Amino acid sequence: MRRRSPPPPSPLPQRAGVDPVRVRLPAKEAWQTVRDHLVARLAPGAGVIDEMLDAGLIVDAAGRPVTRDRAYVPGMYVWFHRELPDEEPVPFAVDVVHRDEHVVVADKPHFLATTPRGSHVAETVLARLRRELGIPTLSAAHRLDRLTAGLVLFTVRPEERGAYQSLFRDRRVAKEYEAVAPYDSALDLPRTVRSRIVKERGVLAAREVEGEPNAVSRIELLEHRDGRARYRLTPRTGQTHQLRVHMNALGVPILGDPLYPVVTGPVAAGDFRRPLQLLARTLEFTDPISGREHRFVSPRVLGAWPSYDDWAAG
């Protein structure tokens, strides 16, 4: 099988730590012009595309502005910067717990997305670290939900990213999470929960269905008081919202969860009260490049445990 050649390097620099958008013109399609294809493919509409073309904001691999009448060439690449959304700054720091020539391990706060997506672009861990550390090549080896706090692994060199991503794909990373949720004296713990979880595109919450399990989690009780408990959660698989779904299925949904057991209304921008009480506490793996044994631990404290009233009041 013929391997697809890698795309050429971007002729545009990053902006606010965010990469430009890259579009490859499909080889099996035929349009009269690049402009016609972009109008059909992208959401902004013909007027916005024409304005960008006229302003020289869409460029080819050589950095030359693409004109309205530029002929369509199958396989051609073009780049442009998306208009950055008006984002509410997340007022919590990203802590770096480890940095070497290969990786950066960050301890992300609640409410901050890992990588640019949707309405969260410049206000993401990746964009912040690129700006603060001055490493434009930094990339995420995996992701955490925006509402989950804790440890995230980033790679420094693009050519090494695949080796670190394979650690997560092949389940060679030991991960432990911590959660604060209601205490149920009748719940028999520790236990391993197995189920089949599906997450449909466009639907906020994932759900369990009949069928071969694709999600496995180990749930342990650490301590309890005043009707609340601290739990250690060890995922064996990586389905979307897996730990949140499994805790809810056990009848002890994680405190602050806006999706489980019930999807609540959208939170107003700038409302950082009552964060989801879920923390990616530890990451442990053998570095595929250096061979070093790594174990990282987040020092964060989930706020609902030391003082539920303070957490609930925001």
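The values are calculated or read from the model by the stated rules, or taken from the named source; none is laboratory data. What you are looking at is a predicted structure, and each value in this text was computed from that prediction instead of being measured. All Cβ positions, glycine included, derive from the backbone under ideal geometry; neighbour counts span all protein chains shown. Each accessible area value is taken on the protein alone, full model and side chains, heavy atoms only, with ligands, DNA and RNA left out. Shrake-Rupley method; radii C 1.70, N 1.55, O 1.52, S 1.80 Å.
Some points to look at:
- Here L204 fits the description: out of contact with any Pro (no Cβ under 7 Å at 6 or more places or on another chain), open to solvent by 20 Å² or more (accessible area, probe 1.4 Å) and either of a type in the set (D, E, K, R) or free of Cβ contacts under 8 Å to residues at least 60 places away in the same chain (or both).
- The set of residues from the range 12-44 being under 19 Å from A127 (Cα atoms) and of a type outside the set (S, T, N, Q) comprises L12, P13, R15, A16, G17, V18, D19, P20, V21, R22.
- The range 183-200, residues that are in a loop (DSSP other than H, G, I, E, B) and either of a type in the set (G, A, S) or more than 22 Å from V262 (Cβ to Cβ) (or both): S185, A186, D188, L189, P190
- Summed over the range 49-72, the residues that are open to solvent by 30 Å² or more (accessible area, probe 1.4 Å) and either touching a Pro at 6+ places or on another chain (Cβ under 6 Å) or of a type in the set (S, T, Y) (or both) give a count of 3.
- Matching residues, the range 290-314, being in a loop (DSSP other than H, G, I, E, B) and open to solvent by 30 Å² or more (accessible area, probe 1.4 Å): S290, G291, R292, P299, R300, V301, G303, P306, S307, G314
- Considering (1) over 29 Å from R228 (Cβ atoms); (2) over 16 Å from the mean Cα position of the chain (by Cα); (3) aliphatic (A, V, I, L, M), the lone condition that V97 does not fulfil carries the number (1).
- Evaluated against (1) open to solvent by 20 Å² or more (accessible area, probe 1.4 Å); (2) assigned to a loop (DSSP other than H, G, I, E, B); (3) in contact with a Pro (Cβ under 9 Å, 6 or more places away or on another chain); (4) not aromatic (F, W, Y), V90 falls short on exactly one condition, (1).
- Each residue in the range 212-228 was checked for being of a type in the set (A, V, I, L, M), closer than 12 Å to L189 by Cα and surrounded by 14 or more Cβ atoms within 10 Å (Cβ to Cβ), and 2 pass.
- Residue match in the range 224-240 (condition: closer than 22 Å to V301 by Cβ and aliphatic (A, V, I, L, M)): yes
- Of all the numbered requirements in (1) open to solvent by 20 Å² or more (accessible area, probe 1.4 Å); (2) without any contact (Cβ under 8 Å) to a residue 40 or more places away in the chain; (3) within 29 Å of R169 (Cβ to Cβ), T114 misses one, and that requirement is (1).
- Any hit, the range 257-268, residues being at pLDDT below 95, on the phi < 0 side of the Ramachandran plot and small (G, A, S): yes
- For the range 40-84, the tally of residues that are in a strand (DSSP E or B) and within 21 Å of Q14 (Cα to Cα) stands at 6.
- When Q32, Q14 are screened for being open to solvent by 50 Å² or more (accessible area, probe 1.4 Å) and either touching a residue at least 60 places away in the same chain (Cβ under 8 Å) or acidic (D, E) (or both), only Q14 passes.
- Total residues in the range 168-188, condition closer than 12 Å to L250 by Cβ, out of contact with any Phe, Trp or Tyr (no Cβ under 8 Å at 6 or more places or on another chain) and in contact (Cβ under 8 Å) with a residue 12 or more places away in the chain: 4
- Of all residues in the range 250-289, exactly one satisfies the criterion of being surrounded by fewer than 19 Cβ atoms within 10 Å (Cβ to Cβ), under 22 Å from W305 (Cβ atoms) and among the small types (G, A, S), namely G251.
- Counting residues in the range 108-125 that are part of a loop (DSSP other than H, G, I, E, B), within 13 Å of the chain's Cα centre (by Cα) and of a type in the set (D, E, K, R) gives one or more.
- Taken over the range 142-175, the criterion of being farther than 14 Å from D100 by Cβ, open to solvent by less than 60 Å² (accessible area, probe 1.4 Å), assigned to a loop (DSSP other than H, G, I, E, B) and not hydroxyl-bearing (S, T, Y) is satisfied by H142, L144, D145, L147, V173.
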